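Encoded as structure tokens, the structure appears first; notes follow it.
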Amino acid sequence: MDDPSVRPLADDLVLPFQIEASRLRGRMVKLGPAIDEILTRHDYPPTIARFLAETAALAVLLASMLKYEGIFTLQTKGEGAVKMMVADVTSVGDVRAYAQFDAAELAKAERDVDIAPAAALLGKGYIAFTVDQGPDTDRYQGIVELYGKTLTDCVQHYFRQSEQIDTGLSVAVDRATNPDGTPGGWRAGGIMVQRLPQEQNVLASDNEDDWRRAMALMASVTGDELLDRDLPAADLLYRLFHEDGVRTYAEHGLRFGCRCSRERVETMLQSLPREEVQELKIDDGRVEVTCQFCSTDYHFTDADLDRVYGAGA
């Protein structure tokens with residue numbers, strides 16, 4: 001995806017790596033301007049913004065572990081204050097995300113967010129992983145019940161229950177503070193390590209020791225390190241795993257990117273009865289459709305709708 005001759009990225013990247021001594025593979029993600037644009041396009045309360053940023057970071061980590069040409073989607077549905085969260089990542093590095101929530105229920109849940117954010121915000125529900133490689137291929141989807149204090153815990157539970165792959169995850173989210181004390185841009189960072197299938201000539205006890213050591217080292221990483229724009233991902237990985245040898249591969253750039261367009265909206269409108277579409281009219285008499293991901297407004301006059309539906313509709 002990226003030209004290896006280009007100067008290494010400082011931000012908005014995912015970096016694949018392998019721990020040489022134990023053959024454990026992993027990914028590290030650093031999100032800056034991309035996640036800030038995703039969040040600032042919406043007027044999300046800080047609690048929702050943090051939760052959605054964690055979702056996006058997890059989606060990038062999971063997508064980067066797969067070989068696909070298309071779209072990877074991480075989605076949650078719950079019965080709590082947060083009804084739905086969606087983050088998707090294309091194979092070329094476009095990232096987008098949005099959240100649906102109930103403001104009144106959110107106010108009630110705030111007191112428990114620091115203790116168990118996933119349980120407090122999502123309640124009972126599920127998490128789904130989908131890989132869509134286009135109309136000529138079958139979609140892959142994995143679904144598991146929400147289980148864990150954080151969304152990161154829920155993803156780890158999915159790998160234990162459904163994929164039976166040992167997976168370690170750590171994600172951090174925060175908003176920077178400007179020199180004058182005003183809120184700065186949002187940032188997110190994360191690291192993911194997975195255990196490869198055991199080789200025949202490797203003793204199970206050695207394999208387990210390697211895994212425990214890697215998890216202990218990964219647990220030592222701080223949120224500040226994951227979010228530090230001035231600490232390159234490769235340098236942080238060396239800091240963590242240099243004694244065991246860590247090999248990094250070509251990084252992949254990320255950016256905010258929404259796939260909405262006027263043409264796509266017109267196609268969506270055509271699938272609905274015109275009488276139903278008429279109910280979307282705003283005060284000036286135009287139909288307004290807003291993209292949930294990027295908050296772009298699309299407006300359609302009666303003449304536009306005649307063209308969409310055909311003048312006789």
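Rundown of residues vs (1) out of contact with any strand residue (DSSP E or B) (no Cβ under 7 Å at 6 or more places or on another chain); (2) among the polar types (S, T, N, Q); (3) over 15 Å from Ile38 (Cα atoms), yes/no style:
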{"site": "Ala53", "(1), (2), (3)": "no, no, no"}
{"site": "Phe72", "(1), (2), (3)": "no, no, yes"}
{"site": "Ala97", "(1), (2), (3)": "no, no, no"}
{"site": "Ala103", "(1), (2), (3)": "yes, no, yes"}
{"site": "Pro117", "(1), (2), (3)": "yes, no, yes"}
{"site": "Ala128", "(1), (2), (3)": "no, no, yes"}
{"site": "Gln133", "(1), (2), (3)": "yes, yes, yes"}
{"site": "Asp138", "(1), (2), (3)": "yes, no, yes"}
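A single member of Arg187, Arg96 is in contact (Cβ under 8 Å) with a residue 40 or more places away in the chain and touching a Cys at 6+ places or on another chain (Cβ under 6 Å), and it is Arg96.
Once region 93-115 is narrowed to residues that are in a loop (DSSP other than H, G, I, E, B) and either open to solvent by less than 20 Å² (accessible area, probe 1.4 Å) or among the charged types (D, E, K, R) (or both), the residue that is modelled with the lowest pLDDT is Asp114.
Within region 281-313, count every residue that is farther than 22 Å from Glu37 by Cβ, part of a loop (DSSP other than H, G, I, E, B) and in contact with a helix residue (DSSP H, G or I) (Cβ under 9 Å, 6 or more places away or on another chain). Steps first, answer last, please.
Initially, region 281-313 is screened for residues farther than 22 Å from Glu37 by Cβ, giving 281-288, 299-313.
Restricting the remaining residues to those that are part of a loop (DSSP other than H, G, I, E, B) gives 282-286, 301, 310-313.
Now narrow it down to the ones that are in contact with a helix residue (DSSP H, G or I) (Cβ under 9 Å, 6 or more places away or on another chain): 285-286, 312-313.
So the answer is 4.
Determine if region 83-105 includes at least one residue that is closer than 23 Å to Tyr158 by Cβ and among the acidic types (Asp, Glu). Among the residues of region 83-105, at least one is closer than 23 Å to Tyr158 by Cβ and among the acidic types (Asp, Glu), which makes the answer yes. When region 254-279 is filtered for residues that are open to solvent by 40 Å² or more (accessible area, probe 1.4 Å), without any contact (Cβ under 8 Å) to a residue 12 or more places away in the chain and either part of a loop (DSSP other than H, G, I, E, B) or closer than 21 Å to Val60 by Cα (or both), the ones remaining, listed by number, are Ser271, Leu272, Pro273, Glu279.
For region 129-180, what are the residues that are of a type in the set (Gly, Ala, Ser) and open to solvent by less than 50 Å² (accessible area, probe 1.4 Å)?
Of all residues in region 129-180, those of a type in the set (Gly, Ala, Ser) come to 134, 142, 148, 162, 168, 170, 172, 176.
Answer for region 129-180, where residues must be of a type in the set (Gly, Ala, Ser) and open to solvent by less than 50 Å² (accessible area, probe 1.4 Å): Gly134, Gly142, Gly148, Gly168, Ser170, Ala172, Ala176.
For Met28, indicate whether it is open to solvent by 10 Å² or more (accessible area, probe 1.4 Å), farther than 17 Å from Arg255 by Cβ, assigned to a strand (DSSP E or B) and modelled with pLDDT of 95 or more. For Met28, the condition - open to solvent by 10 Å² or more (accessible area, probe 1.4 Å), farther than 17 Å from Arg255 by Cβ, assigned to a strand (DSSP E or B) and modelled with pLDDT of 95 or more - is not met. Screening region 280-299 for residues that are of a type in the set (A, V, I, L, M, F, W, C) and over 25 Å from the mean Cα position of the chain (by Cα) and picking the one that is surrounded by the most Cβ atoms within 10 Å (Cβ to Cβ) gives Val287.
Consider Glu251 carefully, then state whether it is of a type outside the set (Gly, Ala, Ser) and either surrounded by 15 or more Cβ atoms within 10 Å (Cβ to Cβ) or in contact (Cβ under 8 Å) with a residue 12 or more places away in the chain (or both). Show your work before the answer.
Working: of a type outside the set (Gly, Ala, Ser): yes; either surrounded by 15 or more Cβ atoms within 10 Å (Cβ to Cβ) or in contact (Cβ under 8 Å) with a residue 12 or more places away in the chain (or both): yes.
In short, yes.
Based on what the data block shows, is Ala214 surrounded by 12 or more Cβ atoms within 10 Å (Cβ to Cβ), within 28 Å of the chain's Cα centre (by Cα), over 30 Å from Gln100 (Cβ atoms) and touching a residue at least 40 places away in the same chain (Cβ under 8 Å)? Yes; evaluated as a whole, the condition is true for this residue.
One line per residue, one yes/no per condition, for (1) in a helix (DSSP H, G or I); (2) without any contact (Cβ under 8 Å) to a residue 60 or more places away in the chain:
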site: Lys77; (1), (2): no, yes
site: Asp138; (1), (2): no, yes
site: Lys149; (1), (2): no, yes
site: Thr152; (1), (2): yes, no
site: Val155; (1), (2): yes, no
site: Arg160; (1), (2): yes, yes
site: Arg175; (1), (2): no, no
site: Asp180; (1), (2): no, yes
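The values are calculated or read from the model by the stated rules, or taken from the named source; none is laboratory data. This is a predicted model, so every value here is computed, not measured. Positions of Cβ are generated from backbone atoms using ideal geometry, with glycine treated the same way; all protein chains shown enter the neighbour counts. Surface accessibility is based on the protein's heavy atoms, side chains included, excluding ligands, DNA and RNA. Shrake-Rupley method; radii C 1.70, N 1.55, O 1.52, S 1.80 Å.
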